[in-house]
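The values are calculated or read from the model by the stated rules, or taken from the named source; none is laboratory data. These figures come from a predicted structure and were not determined experimentally. Note that each Cβ is placed from the backbone with ideal geometry, even for glycine, and that neighbours are counted across all protein chains shown.
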Amino acid sequence: MMNLKIAISALALLLVSCGISKTKNSSEKISNKYLALGDSYTIGESVCSNCNYPKQLTDSLNKTSNEKASVKIIAKTGWTTTDLLSAIAAEKPSKDYDLVTLLIGVNNQYQGKPFAVYEEELPKLLDMAIGFAKGKAENVIVLSIPDYAFTPFGQKSGKAEKITSELKRYNTFAEKIAEEKGVKFVNITPITQKGLENTALVASDGLHPSEVAYKKFVEMMFESTSKKIR
C-alpha cells in the first residue's frame, strides 16, 4: 500500500514538472520576427557577432517582453543600395516581419556612386521593407548613415569635411523619403560625430562604430521598436 502511495505521488510530481516545463517552453516561443537590412553598419564590422545593433536591439526587446523576438540580418560590408537590392532578390525574405530596419548608403558615398543612384534605389528599398513588414509602414525604421569623418580613418583621408557634407545630403534625402512613406527616421549620426572626442564609440579598426556606439543606437530606437514588438 505504501509503495502504491509513493508511486502515485511520484506520478503527480512528474505531471506537475511536465506542466511547468511546457509552460516555460511556451513562454519562450518566438512570436516576433525582425529583419535588419543594410551594410557593414548593420552586420557590425569589427565587433563581436552579438554586438551589432540588430542583435543588441533584439536582446533588449526580449528582456522586456514575454513574446520573444528573432532577428534575420541581410547585410554585408561594402554593400551599396544596388548590392542590397540584389541580395534581397536572391534571398526573397518573407512578408511577415513585425519589424524591419534599414540603414544603407555609406558605400554609395564612399565609392563615389552618382547620387541619382541613391535617389532611385532607396525608395525601392523602402517600399520593399514596408512589404516585408506586412505592408505596415509604421513597422519600419530607417536609420541615418553614421558619419565616418569623425574616425581616425576619416581624419587620415584628408576629406573629412567633404565626407560630412556628402553624408548630410544622403541623410537629408533618406529622412525626406521616410517621412513621405510614413516611416520613422532615427537620426543616429550625431552619436558617431562624437567619435573623435570619445574614442570608445569607434571600433578597433578605426572606422566602424563600436559595441558602445551600437548600444546608443539601440537606446534611441528602443522606445519606438518596443511599441511595435510587444
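Every residue in the stretch 62-85 that is surrounded by fewer than 12 Cβ atoms within 10 Å (Cβ to Cβ) and farther than 22 Å from residue 51 by Cβ, please. 66, the sole residue that qualifies. Only residues that are among the small types (Gly, Ala, Ser) and under 13 Å from residue 104 (Cα atoms) were counted in the stretch 45-78, giving 2. Count of the stretch 47-61 residues, restricted to those that are surrounded by fewer than 16 Cβ atoms within 10 Å (Cβ to Cβ) and over 12 Å from the mean Cα position of the chain (by Cα), is 2.
Would the stretch 112-127 turn up any residue that is surrounded by 16 or more Cβ atoms within 10 Å (Cβ to Cβ) and small (Gly, Ala, Ser)? So far as the stretch 112-127 goes, no, none of its residues is surrounded by 16 or more Cβ atoms within 10 Å (Cβ to Cβ) and small (Gly, Ala, Ser). Checking each residue of the stretch 112-127 against the condition of being aromatic (Phe, Trp, Tyr), out of contact with any Asp or Glu (no Cβ under 9 Å at 6 or more places or on another chain) and under 26 Å from residue 94 (Cα atoms) gives at least one match.
Screening residue 44 with (1) surrounded by 23 or more Cβ atoms within 10 Å (Cβ to Cβ); (2) out of contact with any Cys (no Cβ under 9 Å at 6 or more places or on another chain) gives one miss only, at (2).
Taking every residue in the stretch 108-120 that is among the basic types (Lys, Arg) and pairing it with any residue that is modelled with pLDDT of 95 or more, at least 6 positions away or on another chain, the pairs with Cβ-Cβ distances below 9 Å are 113/80; 113/81; 113/82; 113/107. Among the residues of the stretch 49-67, those that are closer than 13 Å to residue 99 by Cβ, touching a helix residue (DSSP H, G or I) at 6+ places or on another chain (Cβ under 8 Å) and not in a loop (DSSP other than H, G, I, E, B) comprise 53, 54, 57, 60, 61. Just so you know, in the stretch 86-111 the residues that are hydrophobic (A, V, I, L, M, F, W, C) and surrounded by fewer than 16 Cβ atoms within 10 Å (Cβ to Cβ) include one that is farthest from residue 129 (Cα to Cα), and it is 90.
Residue count for the stretch 194-208 under the criterion of being crowded, with 16+ Cβ neighbours inside 10 Å and not aliphatic (A, V, I, L, M): the result is 4. The one condition from (1) among the hydroxyl-bearing types (Ser, Thr, Tyr); (2) under 19 Å from residue 136 (Cβ atoms); (3) not in a loop (DSSP other than H, G, I, E, B) that residue 94 does not meet is (3).
Residue count for the stretch 105-126 satisfying the condition of being part of a helix (DSSP H, G or I) and under 17 Å from the mean Cα position of the chain (by Cα): 4.
So that you can scan it fast, the table gives a plain yes or no per residue for (1) aliphatic (A, V, I, L, M); (2) surrounded by 18 or more Cβ atoms within 10 Å (Cβ to Cβ); (3) more than 16 Å from residue 53 (Cα to Cα):
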{"residue": "140", "(1), (2), (3)": "yes, yes, no"}
{"residue": "176", "(1), (2), (3)": "no, no, yes"}
{"residue": "180", "(1), (2), (3)": "no, no, yes"}
{"residue": "210", "(1), (2), (3)": "no, yes, no"}
{"residue": "223", "(1), (2), (3)": "no, no, no"}
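For residue 5, state whether it is closer than 30 Å to residue 86 by Cβ and either touching a Phe, Trp or Tyr at 6+ places or on another chain (Cβ under 9 Å) or at pLDDT below 85 (or both). So residue 5 does not fit the description; no.
The residues of the stretch 160-214 that are closer than 28 Å to residue 123 by Cβ and among the polar types (S, T, N, Q), listed by number, are 164, 165, 171, 172, 187, 189, 192, 193.
Would the stretch 186-194 turn up any residue that is in contact with a Cys (Cβ under 8 Å, 6 or more places away or on another chain), of a type outside the set (A, V, I, L, M) and in contact (Cβ under 8 Å) with a residue 12 or more places away in the chain? No, the stretch 186-194 contains no residue that is in contact with a Cys (Cβ under 8 Å, 6 or more places away or on another chain), of a type outside the set (A, V, I, L, M) and in contact (Cβ under 8 Å) with a residue 12 or more places away in the chain.
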